[in-house]
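A short write-up of the structure that comes next.
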Amino acid sequence: MSERLYIFDTTLRDGEQVPGCQLNTTEKIEVAKLLENLGVDVIEAGFPISSPGDFNSVLEISKAVSEPTICALTRAVEKDIDVAADALRLAKHKRIHTGIGVSPQHIYDKLRSTPEKILERAVAAVKYAKRYVEDVEFYAEDAGRADVEYLARVVEAAIAAGATVVNIPDTTGYCLPNEYGAKIKYLVDHVSNIDRAIISTHCHNDLGMATANTLSGVLNGARQAEVTINGIGERAGNTSLEEVVMTLRCHKDVNIDTNINSQLITKASHLVSSLMNMPVQPNKAIVGRNAFAHSSGIHQDGVLKQRQTYEIIDPQDIGLNESVIALTARSGRAALVHRLELLGYDLTPEELDATYEKFLVLADKKKEIHDYDLIYLVGDIDRMKQQSVALKFLQVTTGTLVPTATVVLKFGDHERMAIATGNGPVDAAVSAIKKLINEKVVLSEFLMQAITRGSNDVGRVHVQVECGSRTVHGFAAHTDTTRASIEAFLDALRALNVTEKIEEEN
């Protein structure tokens with residue numbers, strides 16, 4: 001029988017720290033429920049003291065799911081721990097995750113302290129958290145750059161104080177796999193009470209080695225891995241859940257496995273990508289759209305004769321149906337419904353009608369509709385439900401003339417029009433929209449990227465808009481990049497709750 005590796009998912013905490021990818025509480029609950037079905041052991045639901053929104057999310061997730069342990073992050077500060085305990089009060093299984101930096105960079109430069117004082121604070125934080133919950137996880141921040149003998153002292157003291165899990169983070173993604181594995185092995189061999197706690201990995205991907213470091217830690221004695229869906233997270237991201245799970249499934253000889261239902265991996269990847277507006281890179285391991293694509297004639301021939309020739313994972317093992325129904329403008333509703341069901345969507349008749357209309361418009365412009373097109377079509381329908389202001393009409397004149405845009409916006413049950421010029425089609429349309437709203441806004445960042453292949457395929461736009469002291473993000477995707485740009489700008493304006501500008505009568 002395989003040894004158990006516990007999966008600690010921090011998509012809703014560390015993963016959500018990516019700029020522009022914040023979720024509301026309803027969206028977090030949707031992700032948490034899917035993580036529960038996926039089989040994760042621990043959900044790190046947030047950092048309660050950081051904001052009222054994070055506190056409320058931890059509280060609501062605690063009510064919404066019952067199987068996984070719900071974890072809340074804190075610093076080694078009593079007030080943090082008090083607030084975390086309050087946020088977790090309704091959780092069936094609860095854990096407080098507290099800790100402090102242990103590397104020279106953190107001890108001396110960040111905390112302006114000494115190793116002995118840091119050790120005292122670590123012990124005090126664990127003991128204080130233990131007053132609230134039995135399950136306390138201690139993190140030794142930046143352990144990847146810490147002196148291993150000092151790290152062992154801190155870990156031993158934290159376990160003696162009551163820590164049930166000790167987290168050894170490679171916070172900056174600095175370690176080489178052999179270095180990180182050796183650090184875990186040293187703790188196993190030199191911490192006298194290590195048998196009273198589970199060692200956990202928490203690796204970042206700054207040098208592209210998060211998964212390799214995590215697996216090295218597991219092979220050397222760690223039995224909890226801290227991961228995120230799609231490997232999202234600050235800077236270059238965290239260890240990818242799907243990579244760790246499927247590597248262990250492929251290498252059965254290591255005799256370590258998780259309780260993850262791998263057939264839900266693709267669905268989880270799509271949900272997180274869609275809600276967080278973070279497209280998965282095409283060549284991403286396991287869940288990228290090219291992960292099971294074969295273009296070479298030699299590869300195609302090999303796969304057709306025997307799948308294992310070039311595929312070490314059966315696509316169906318991660319919930320990816322191998323059969324492909326080509327969707328075109330001639331496809332009917334039945335084909336569309338079938339493909340949406342394979343992607344995990346169950347639309348109401350009204351949602352299906354709206355999606356089908358948008359599907360036909362897109363299918364007329366493209367030779368074939370792909371899964372990633374459908375994901376954004378469904379996302380557009382979801383966003384339209386909550387639109388306080390919508391684009392009714394857009395016409396832009398360019399060429400040798402000064403770019404001029406005519407825009408009609410719908411506010412509730414009525415429409416208003418504006419015309420403006422600019423130094424390009426997007427600038428002209430944005431200027432026209434500014435004439436119709438009551439807020440002074442600045443388009444401070446604009447990013448466009450192709451999310452599908454070909455000149456007639458879908459372009460995705462991300463904008464950052466500033467209004468006074470507030471900064472919001474907007475996202476949209478369309479085959480018309482000018483239209484996508486304006487929809488993204490309007491998406492940001494909805495986040496600001498802009499209203500119609502009422503002109504003063506003379």
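The values are calculated or read from the model by the stated rules, or taken from the named source; none is laboratory data. Source: prediction; values computed, not measured. No Cβ is skipped: glycine too gets one built from the backbone with ideal geometry, and neighbour counts run over all protein chains shown. Keep in mind that these areas ignore ligands, DNA and RNA; they rest on the heavy atoms of the full protein, side chains included. Shrake-Rupley method; radii C 1.70, N 1.55, O 1.52, S 1.80 Å.
Summary table
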| read-out | value |
| --- | --- |
| Selection within region 46-77 - among the small types (G, A, S) and in contact (Cβ under 8 Å) with a residue 40 or more places away in the chain | G46, S57, A76 |
| Total residues in region 454-469, condition modelled with pLDDT of 80 or more and surrounded by fewer than 19 Cβ atoms within 10 Å (Cβ to Cβ) | 4 |
| Members of region 147-167 found to be open to solvent by less than 10 Å² (accessible area, probe 1.4 Å) and part of a loop (DSSP other than H, G, I, E, B), listed by number | A163 |
| Residue match in region 436-448 (condition: among the small types (G, A, S), closer than 28 Å to L374 by Cβ and surrounded by fewer than 19 Cβ atoms within 10 Å (Cβ to Cβ)) | no |
| Residue check for E226: open to solvent by 20 Å² or more (accessible area, probe 1.4 Å) and among the charged types (D, E, K, R) | no |
| Any hit, region 410-425, residues being closer than 30 Å to N24 by Cβ, over 27 Å from the mean Cα position of the chain (by Cα), modelled with pLDDT of 90 or more and not charged (D, E, K, R) | no |
| Residue within region 240-249 that is modelled with pLDDT of 95 or more, assigned to a loop (DSSP other than H, G, I, E, B) and of a type outside the set (K, R) present | no |
| Near pairs, Cβ below 6 angstrom, 6+ apart or cross-chain, from region 281-299 (at pLDDT below 55) to any residue that is open to solvent by 50 Å² or more (accessible area, probe 1.4 Å) and in a loop (DSSP other than H, G, I, E, B) | H299/Y310 |
| Sole residue being among the hydrophobic types (A, V, I, L, M, F, W, C), touching a Gly at 6+ places or on another chain (Cβ under 9 Å) and either open to solvent by 10 Å² or more (accessible area, probe 1.4 Å) or assigned by the TED database to the domain that holds C21 (or both), chosen from I256, I260 | I260 |
| Number of the condition not met by E357 [criteria: (1) more than 28 Å from M276 (Cα to Cα); (2) at pLDDT 80 or above; (3) in a helix (DSSP H, G or I)] | (1) |
| Per-region count, region 125-144, residues open to solvent by 60 Å² or more (accessible area, probe 1.4 Å) and either over 10 Å from T164 (Cα atoms) or touching a Phe, Trp or Tyr at 6+ places or on another chain (Cβ under 6 Å) (or both) | 3 |
| Tally, over region 205-220, of residues that are touching a Gly at 6+ places or on another chain (Cβ under 9 Å), open to solvent by 10 Å² or more (accessible area, probe 1.4 Å) and within 26 Å of S262 (Cβ to Cβ) | 8 |
| Any hit, region 171-188, residues being in contact (Cβ under 8 Å) with a residue 60 or more places away in the chain, touching a His at 6+ places or on another chain (Cβ under 6 Å) and either within 19 Å of Q224 (Cα to Cα) or outside any strand (DSSP E or B) (or both) | yes |
| Given (1) without any contact (Cβ under 8 Å) to a residue 40 or more places away in the chain; (2) outside any loop (DSSP other than H, G, I, E, B); (3) open to solvent by 20 Å² or more (accessible area, probe 1.4 Å), number of the condition Q105 does not satisfy | (1) |
| Pairs where the first residue, in region 435-452, is closer than 19 Å to R494 by Cα and at pLDDT 85 or above and the second is outside any loop (DSSP other than H, G, I, E, B) and open to solvent by 80 Å² or more (accessible area, probe 1.4 Å), C-beta under 9 Å, 6+ apart | K435/I419; L436/M417 |
| Strands (runs of 3 or more DSSP E) completely within region 1-98 that count 1 or more residues being assigned by the TED database to the domain that holds I118, crowded, with 18+ Cβ neighbours inside 10 Å and out of contact with any strand residue (DSSP E or B) (no Cβ under 8 Å at 6 or more places or on another chain) | none |
| Hits in region 6-21 - residues which are out of contact with any helix residue (DSSP H, G or I) (no Cβ under 6 Å at 6 or more places or on another chain) and either farther than 12 Å from N238 by Cβ or among the β-branched types (V, I, T) (or both) | Y6, I7, T10, V18, P19, G20, C21 |
